[in-house]
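Data block below; observations after.
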Amino acid sequence: MNKLSFDVLTLFPGILEGPLNESILKRAREKGLLGLRLWNIRDFTEDKHQKADDSPYGGEAGMVMKPEPIFRAIEQVKAAAPGERFLTVLLSPQGKVFDHAGAERLSRETRRIILLCGHYEAIDERVRQMLVDEELSIGDYVLTGGELAALVVIDAAARLVPGVLGDDESAYRDSFGDGLLDHPHYTRPAEFRGRKVPEVLLSGNHDAIWKWRRRESLRATLLKRPDLLETAGLTEDDRKVLEELKRDSKL
Ligand code: 4GY
């Protein structure tokens, strides 16, 4: 088994520590299915003020992360795992937008993944040019730093690693796998404040239940994210159901 491993480089490891030590990610690490190391870029400064950022050349507002500590950090990360191969990823709004396909690709990655988190305004361009293999964005907005984006990437990739989700959880793995939105879910009680759980779910008829769920997934996708229907893997039956949903417009 080759394990999914991340080395996260950041000026603020505390942002990641909490989430990585809770719930499913914590359990995945304990099971040895997920490797995670946090590296504080400040530890790789060499001046007495441990300066990791500086004002930009050309004069504009904000601070730019200095190249030297990042270069030293990445060199040390690589030296700590001799003979291993690495994929260095910069989290930034300029990257390719991270989606389910991206999560699947990373979950199968055999190289150790270095996640480089920028903070402040920017990172010195030479870091991107000389060290970064690819840039990933979690969406078209700007964060105060790449740390939250790194968490999103780690979480989405880790849950796709076989064994990370328990048996009870793994049923949900396909929710986006087929490119459709999830169907509604219900638990006890069978009636709550006048709202009943759909009869079919109590019927024990698994074929009918499967059909209902598929129909509700298609309904939710048609209603909330019709763009996803273009790329979803739809069967002939799915297309018939969609036509029905549109025709009846009892969405
Ligand atoms: N969006 N997706 C994102 C981000 C913060 C300045 C470079 C994003 O991934 N990262 O907004 N990152 C910036 C802050 C330096 C990273």
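Only the coordinates and a few stated rules stand behind these numbers; no lab work does. Small disclaimer: the values here were computed from a predicted structure and weren't measured. FYI the Cβ positions are ideal-geometry reconstructions off the backbone, even for glycines, and counts take in every protein chain you see.
What GluC sites (Glu not before Pro) does region 60-93 have in DSSP loop regions with at most 16 other beta carbons within 10 Å?
Loop-located and lightly packed - E60, E84.
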If you wrap a convex hull around the C-alpha atoms of region 185-228 and split its volume per residue, what is the figure in Å³? 80 Å³
Rounded to whole Å and sorted largest first, list the principal axis extents of the Cα atoms in region 1-70. 48, 21, 21
Between N2 and K48, what is the label-point separation in nm under the 7 Å Cα-to-beta-carbon projection? 4.7 nm
How big is the chain by Rg and Dmax over its Cα atoms, in Å? 22.7, 71
Say each of H206 and L228 gets a label point 7 Å from the Cα, pointing the same way as Cα to Cβ; how far apart are those two points in nm? 2.5 nm
Just for the chain, what percent of DSSP beta bridges are antiparallel, to the closest 5? 15 percent
Long-range alpha-carbon pairs in region 198-251, meaning those over 18 Å apart, account in percent for 33 percent
What FRET efficiency, computed as 1/(1 + (r/R0)^6) with R0 = 41 Å and r the Cβ-Cβ distance, is obtained for F192 and I24, rounded to the nearest 0.05? 0.90
Residue (of S203, L160, F71) at the positive-pole extreme of the chain, dipole from beta-carbon charges: S203
Of the DSSP beta bridges with both residues in region 86-234, give the percent that are antiparallel, rounding to the nearest 5. 20 percent
With only helices counted (DSSP H, runs n ≥ 4, each -39500 (n - 2.57)), the per-residue ellipticity at 222 nm for the chain, to the nearest 500, works out to -10500 deg cm²/dmol
Dimensions (Å) - region 91-194, Cα atoms, principal axes, largest first: 60, 33, 20
With θ taken as phi - 60° and the coefficients 6.51, -1.76 and 1.60, list the Karplus ³J(HN,Hα) couplings across region 9-22 in order, rounded to whole Hz; mark glycine and proline as x. 9, 7, 7, 9, x, x, 5, 8, 4, x, x, 6, 10, 10
Nothing charged except the Cβ atoms of Lys and Arg (+1) and of Asp and Glu (-1): what's the magnitude of the dipole of region 144-195 about its Cα centre? Round to the nearest 20 debye. 240 debye
Say each of E17 and R239 gets a label point 7 Å from the Cα, pointing the same way as Cα to Cβ; how far apart are those two points in nm? 5.6 nm
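Hey, could you grab the Kirkwood Rh for region 20-133? Inverse mean 1/r over distinct alpha carbon pairs, Å, one decimal.
The Cα-based Kirkwood calculation yields 16.0 Å.
Loop only per DSSP, at most 14 neighbouring Cβ atoms within 10 Å: give me the chymotrypsin sites (Phe, Trp or Tyr not before Pro) in region 159-238, ordered by residue number.
Here the sparse-neighbourhood loop sites are Y186.
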In Å and from the alpha-carbon atoms only, list the Rg and Dmax of region 119-251. 20.5, 62
Net +/- balance of residues flanking D124 in space, Cβ distance below 12 Å, scoring K and R +1, D and E -1: -2
Where the centroid of each part is defined by its Cα atoms, how far is region 109-154 from region 178-205 in Å? 40 Å
If you average the sequence gap of Cα pairs under 8 Å that are 6 or more apart and divide by the length of the chain, what percent do you get for the contact order? 19 percent
20 °C / 1.002 mPa s Stokes-Einstein diffusion coefficient of region 91-135, Kirkwood radius on C-alpha pairs, µm²/s: 179 µm²/s
Loop trypsin sites (Lys or Arg not before Pro), region 131-217 (other Cβ atoms within 10 Å of the site Cβ: 16 or fewer; DSSP): R193
For region 75-116, just the Cα set please: Rg and Dmax, both in angstrom. 11.9, 32
What does DSSP give for region 67-172 in terms of the percent of beta bridges that are antiparallel, rounded to the nearest 5? 10 percent
